[in-house]
Amino acid sequence: MKLLERDAQLAALNNALLEALAGAGRIALVSGEAGIGKTSLVEAFTNHQSNSVRVLWGVCDSLFTPRPLGPLHDMAAQFQGGVPDLLAADSNHTQLFAALLLELQRQPSILVFEDVHWADEASLDLLRYLARRIHNLPVMLVLTYRDDELAAQHPLRTLLGDMSSSSSARRIQLSPLSRQAVSTLLGDRRTDANALHRQTGGNPFFVTEVLASEDSGIPATIRDAVLARTARLSLSGRAVLEAAAVIGMRIEPWLLDAVTGAEADAVDESIAAGILRAQGDMLTFRHELSLHTILENIPPHRKLVLHRLVLEALKQPPSAHKDLARLAHHAGAANDREAVSEYAPAAAQHAAAAGAHREAAALYTLALRFDTHLQAEQLATILGAYARECNLTEQYAEAIAALRRAAEIWARLQMPQKQGEALAAMAIMLRTSGKNAEAERINRSVISMLEELPPCRELALAYRVQATLTLSQREIAEAIQWGERAIELAKQFGDRNVLSMAYTMLGSAWLFIDFERGQVILEKHLESALAAGNETPISNLYAYIGSCAAELYQLRYAQRKLVEGIAFTTERDLDIFTHLIQAWQALALVHLGQWDEAGQITGFLSKKLSPIVVSRIPALAAIGLLQVRSGRGQPDAALDEALRLAEGTGTLQHLGLARIVRAEAAWLQGDYQRTRAEARAAYDLALSKKHAWLAGELAFWRWRGGDQVPILDWMALPFALQIKGDWQGAAAEWERIGCPYEQARALADGDAQAKVSALEIFERLGALPAAAQLRETLRASGAAKLPRQPRPSTRQNPFGLTARQVDILALLVEGLSNAEIAARLHISPKTTDHHVSAILRRLEVHSRESAADLARQHPAFNQK
């Protein structure tokens, strides 16, 4: 059929390709409902390219458990270099992706990833990896996907959100055909175009399927149209088509031949009928709706036989490489318990090694469907592996249930070490889910059980878990003791994973007693971990160092480590850690007065809040704190959820954080009774832990709300000074720490001149509620002169830049490099690159030098 009403989309693809060929790689996101013509559009686009542009085509399969990196396997034969060998060898995906990146630098290429709504997790990781690096490649990524099948939690949504914010991305949305286009497709047929358009909704596949049917009139459903076409096939033709449907969307001729034998040549009937088509050396269904219609109409007994035949053929492929995920899929559909137990766990391990953790979890689920065929020890082992994959894919309820069941099996087998290992792992997941009390109860029972036995590796794990739990409760001395015990046992048994986390807990705990000592432990351990290159311990280290330092108002140090952590985890696409680190970075930036950058981060966090409780609480607190202080937005929802989650954890870190922000919000609203209530709610807990900063800040808000509170000598100095009435000392301390808002809040307690200085700081930050409150106080006191409120026109920075961009432009005027700017402002080089690019676009210049020259002509920069 002729391609209609797609000229604009073809032009957009061609323009994007021209930009890619100029060295600025592009991503085309081609979306629309099933049957809208995404594949036809991309085929028309790629068919008209010159031979100098390499076109690589990969398809994501709609298997129950998709092949890890399936599209890359489709493309592999066209690659040179080491990519095919690394792929066949199941290499580490970081090494494989790097090799692919090198391969793509050699020749201009179009990479088509079709049906990415079915992509496995490893393929999504590959796309995320390429998207973050494509801007300097002569490469165009074309992704097709169904936008009407993306549920709120669909994994592709996160990837699309990341890509949409990139300047390299081009969205190409396909709309249904108009009535005029349907009429054109009808040609001379005596069919009512309006009726056909109404019944098909203008969907090109529906229209073309209806028109391909020789039945008179318009079939009531597309199913009827597909079945009408298959009805014209011979018995052999239908048998081959059914076998093709069981094989899947893409059909290898050798496999079809093995399943159908002498009837294999009858596949030509389906090709002639337009149901199947040749694509390279493969056969494919013209549309997946045809595939599903045929599958649904195969009798169950016949479908079972076909899956068994496909399974037997796949056991002996022409190549030596067996597709374990595919074998597991057909084994499950064939109800072959032995084959499932053989292939599903192995396929899951393969998927996990490739980074496809969601697919690994699905494969373990398939294995567990046939758990009655498994030996008890094998079942418990699979449950533990399934739990690890669920943990990595944020399926904590499933992970906890699996570990609970595994522990019960190990108990029945009288294997206490294995039982303890499962329960200790479950305790960590309960803590991550915010269920700290249950985690504490379970892990202490594990320690009691394992201490009755000779020392073992599992006891070291339980000690490490207990160090984590007690540190979460801010029981610092106890956390140090458990950490030291874990280190001693882990060294004895050579358990590097336990040893790494134990050192992280030990150093983090020491930060609260002796910051410099803890810093030395953590920095030394970080250096060793970076040398070893183990990604998860390094990411955990950055998260703990940054969050604990920020909690202790060591903000400049925290910011440096958080920036390093974000650079590390982002480069490796470890988003589960990036989200936690970003949440604490946003909190640190609010306190440091860098509200523009904090706003960028909280804006991102609010769109994709992590489901992990320990990440979600600080993210909500950061969002709420910035909204409270700036007076922009509605913070109540974020603060209410933060408190609800914090109460579930019962930990001081989270309860204190949530209550402090809520107390500040109440005070700015003039509700002093609620200010007192919020601060009192966590005060006794902070006091019992002798947490200098949280107890000091909660005492401060009780005092602000009208309570008489004692000042203890261990409380944080700036809060204690202000409560005592030494606003000058408090302001000086806040200035030393680097907190301009808190400095202004202390100055606001001072004399008239100090209040004016505080007002100027509030105005500069954009702290509207505090500024308005202080102006009213000054007016009531009869102040003769107040700083003029900035007009809306002058609130905008030069050239319409943000405050952060103004700072960076000023440093460009000084001639600093991006690396020097990053070091000066304590931001990552990647963030600096983004800001500089945005400045060049805003000033409509093409170089840093031109931007600096233009800035020098502006009065604002002449004064700098």
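The values are calculated or read from the model by the stated rules, or taken from the named source; none is laboratory data. This structure is a prediction, so every number in the text was calculated from the model and none was measured. Neighbour counts are summed over all protein chains in view; Cβ atoms, including those assigned to glycine, are modelled from backbone coordinates with ideal geometry. For the accessible areas, the whole protein counts, side chains as well, though only heavy atoms, and no ligand, DNA or RNA atoms are used. Shrake-Rupley method; radii C 1.70, N 1.55, O 1.52, S 1.80 Å.
Length gained on full extension, residue 749 to residue 530: 74.1 nm, using 0.36 nm per residue less the C-alpha separation. Pairs of Cα atoms nearer than 8 Å and 6+ residues apart set the relative contact order; for region 593-737 it is 14 percent. Mean silhouette area of region 153-305, derived from the convex hull of its C-alpha atoms and averaged over all directions, reads 12.5 nm². Projecting label points 7 angstrom from Cα along Cα→Cβ for residue 772 and residue 397 puts them 4.2 nm apart. Taking packing as the residue-averaged number of other Cβ atoms within 10 angstrom, the listed peptides 752-761, 202-211 run from highest to lowest as 202-211, 752-761.
Summary of the geometry: region 646-692 and region 12-29, compared by the centres of their Cα atoms, lie 52 Å apart. Highest mean first, the peptides 312-322, 450-460, 550-560 sorted by other C-beta atoms within 10 Å per residue fall in the order 550-560, 450-460, 312-322. For region 555-645, averaging the sequence separation of C-alpha pairs within contact (under 8 Å, six or more residues apart) and dividing by the residue count gives a relative contact order of 24 percent.
If you take the Cα centroid of region 462-490 and the Cα centroid of region 737-784, the two points sit 44 Å apart.
Measuring with a 1.4 angstrom probe and ignoring ligands and nucleic acids, residue 429 comes out at about 10 Å² accessible. Across the options 825, 512, 385, the greatest Cα extent toward the positive end of the charge dipole of the chain (unit charges at beta carbon of Lys, Arg, Asp, Glu) belongs to 825. Less than 5 angstrom separates the built amide H of residue 57 from those of 112, all sequence-distant by 5 or more or on a different chain. Within region 452-470, which residues have the backbone N less than 19 Å from the label spot 7 Å out from residue 484 along Cα→beta-carbon, could you tell me? Once the point is set 7 Å along Cα→Cβ of residue 484, 460-470 turn out to lie under 19 Å by backbone N, inside region 452-470. Accessible area per residue (1.4 Å probe, heavy atoms of protein chains only) ranks 688, 166 as 688, 166, with the largest value leading.
Modelled label positions at residue 90 and residue 377, each set 7 Å beyond Cα in the direction of Cβ, lie 2.2 nm from each other. A dipole drawn for region 689-763 from +1 and -1 charges on Cβ atoms has a positive end, and of 698, 719, 734 the residue lying farthest that way is 698.
For the pair region 799-813 and region 38-89, the centres of their Cα atoms are 43 angstrom apart.
Rg and Dmax of region 218-366, based on Cα coordinates, read 16.1, 50 Å. Note that region 398-415 has calculated 3J(HN,Hα) couplings of 5, 5, 5, 4, 5, 5, 4, 5, 4, 4, 5, 5, 4, 5, 5, 7, 6, 10 Hz, one per residue in order, obtained from phi through the Karplus relation 6.51 cos²θ - 1.76 cosθ + 1.60 (θ = phi - 60°); glycine and proline are x. Judged by the gyration tensor of its Cα atoms, with axes a ≥ b ≥ c, region 58-114 is oblate; a/c meets the 1.5 cut and b/c is at least as large as a/b. In this Cβ point-charge picture (+1 for Lys and Arg, -1 for Asp and Glu), the chain has a dipole of about 2080 debye about its Cα centre. Pairwise Cα distances in the chain exceed 41 Å in 47 percent of cases. Calculated from the alpha-carbon coordinates, region 291-339 shows an Rg and a Dmax of 11.6, 34 Å respectively. The slack in the chain from residue 647 to residue 212, taken as 0.36 nm per residue of separation less the alpha-carbon distance, amounts to 150.4 nm.
Using every pair of distinct Cα positions in region 13-145, the Kirkwood expression returns a hydrodynamic radius of 14.9 angstrom. Residue ranking by accessible heavy-atom surface, 1.4 Å probe, largest first, among 707, 749 comes out as 749, 707.
Rounded to the nearest 0.05, the FRET efficiency derived from the C-beta distance between residue 492 and residue 441 at R0 = 30 Å is 0.65.
From a point 7 Å beyond the Cα of residue 296 in the direction of its Cβ, which residues of region 227-245 have a backbone N at a distance under 12 Å? Residues passing the 12 Å test: 227. Taking θ as phi - 60° and the Karplus parameters 6.51, -1.76 and 1.60, the scalar couplings of region 249-259 work out to 5, 10, 10, 6, x, 5, 6, 4, 5, 5, 7 Hz in sequence order, x denoting glycine and proline. Count Lys and Arg as plus one, Asp and Glu as minus one, and take only other residues whose Cβ is under 14 Å from that of residue 195; the net charge is then +3.
Within straight-line reach of residue 303, meaning a Cα separation under 20 Å, sit the following lysines at least 8 residues removed in sequence or on another chain: 315. Extension gain for residue 153-residue 18 works out to 45.1 nm (0.36 nm per residue, less the C-alpha to C-alpha distance). What does the C-alpha gyration tensor say about the overall shape of region 426-484? Classify as rounded when a/c is under 1.5, otherwise prolate if a/b is larger than b/c, or oblate. Because a/c hits 1.5 or more and a/b fails to exceed b/c, region 426-484 counts as oblate. Site pair residue 10 and residue 845 shows an inter-label distance of 4.2 nm when each label is modelled 7 Å from Cα along Cα→Cβ. Of the cross-linked pairs 418/491; 435/607; 524/830; 608/690, those separated by over 28 Å at the C-alpha level are 608/690. For the chain, the relative contact order works out to 7 percent when only alpha carbon pairs closer than 8 Å and six or more residues apart are counted. Charge tally for residue 749 (other residues, Cβ to Cβ under 13 Å; Lys, Arg +1; Asp, Glu -1): +1. Shape analysis of region 355-452 based on the Cα gyration tensor places the equivalent ellipsoid semi-axes at 22, 18, 8 Å, largest first.
Helix-only arithmetic for the chain: the sum of -39500 (n - 2.57) across DSSP H runs with n ≥ 4, divided by the residue total, places the mean residue ellipticity at 222 nm at -21000 deg cm²/dmol.
Shape of region 574-665 from its Cα gyration tensor (a ≥ b ≥ c, root eigenvalues): rounded if a/c is under 1.5, otherwise prolate when a/b > b/c, or oblate? Verdict is oblate for region 574-665. Please give the net charge around residue 457, taking every other residue with its beta carbon less than 9 angstrom from that of residue 457, where Lys and Arg add +1 and Asp and Glu add -1. Local net charge: -3. Ordering of 813-826, 30-43 by packing is 30-43, 813-826, highest average first (other Cβ atoms within 10 Å, averaged per residue). Solvent exposure of the chain amounts to 42 Å² per residue of accessible area, where only protein heavy atoms count and the probe is 1.4 Å.
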